[in-house]
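Derivation of every value follows stated rules applied to the coordinates shown; laboratory data play no part. Note that the structure is predicted; figures quoted are calculated from it, not measured. Ideal geometry is used to build each Cβ from the backbone, glycine not excepted, and the neighbour counts take in all protein chains shown.
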């Protein structure tokens, strides 16, 4: 008498990946392994019970439907979309695209072989817990969880997954402040003006000018780093910069940055070297000026071997030749080195924007902060300048209390 096959899939460990797995029978008589999540977790056990219920109600056979496309296969297609959508003005990938790929790495590592239609709230919570275990702060975990939903929203849009998957994932609430046991991040504080002034002498002339412009204008770092000569209107007393590409240009919004007398004095020397279509601040130009200054300050004469040296060949021997414009990484590194040399607390380029917002709020009010920083709503201007609330409240208490 033949043995009756066991129709209930068994919960077991997949040694290679550390995930829980069970094997189900399909209608065509074949078998398929389903990955449930991290072995031993409550989420994977709940997923196992859900699969058992599907098998039992379907006569011992797992319902096939659209289980062919795995998460890994969908991620390959989504990766092409990210590479084509999140690109900068020069065609280079943006930081947003790279950040999304970091988030999708968690999904690929935990549930890559899993069928796309089998991903639900328990699996989403498992991925979120992996982010928490990596010591990420609550705000970042919620942001990356939203990026995962964005991936499944794209899958629904491209008809790779049924809409019910997205509805289930939207039911997972964000981690609450003080109620989830996850580490809280510290809000970004404005730069210390004393630290900025002490660090400036240890910066190169170009980086020093960029830092001064960020402080005086309240512009985003990318808006100053990517500034071009032909984007600057110098016809009036106040110079006006209208960048073609900025953070919100993809939303159809315009951006206008104003440079007063102090900012003009900082910017003017660099405009003598710039030509239409080129960046005002260029590492190539900065390196050329540095070499020229060293040559002028040289105390000993140049030998014939110095004069015969081929500068082009020497430049080609460099592992990383200077680029056409600064990026946020090179600027951040230059600021960190200057702060270390000056022995002051480190600050980042974006904290200069916060510093300008605080100064404007103290002197002119919240509406001026919104106008200068280019925000559409006062709430965002308040976020950037709320560090000045204590000073305003203290002044009010001293004058009226």
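Tabulated values for the structure
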read-out	value
Globularity ratio of the stretch 30-144, using Cα Rg and 2.2 N^0.38 Å	1.25
Contour excess over end-to-end distance, with Cα ends at residue 192 and residue 16 and 0.36 nm allotted per residue	58.3 nm
Sorted by Cβ density within 10 Å, fewest first, the residues 278, 256	256, 278
Likely footprinting exposure, 71, 257, fewest C-beta neighbours within 10 Å first	257, 71
Diffusion coefficient, µm² s⁻¹, Stokes-Einstein with Kirkwood Rh over alpha-carbon pairs of the stretch 12-57 at 4 °C and 1.567 mPa s	118
Computed label-point distance, nm, for sites residue 301 and residue 28 using a 7 Å Cα→Cβ extension	8.7
Cα gyration tensor shape of the stretch 87-162, rounded if a/c is under 1.5, else prolate or oblate by comparing a/b with b/c	oblate
Sorted largest first, extent of the stretch 139-264 alpha carbons per principal axis (Å)	58, 35, 23
FRET efficiency, residue 245 to residue 329 (Cβ-Cβ, R0 22 Å, nearest 0.05)	0.75
Sorted by Cβ density within 10 Å, fewest first, the residues 282, 30, 254, 222	30, 254, 282, 222
Modelled FRET efficiency - R0 25 Å, residue 258 with residue 340, Cβ distances, 0.05 increments	0.15
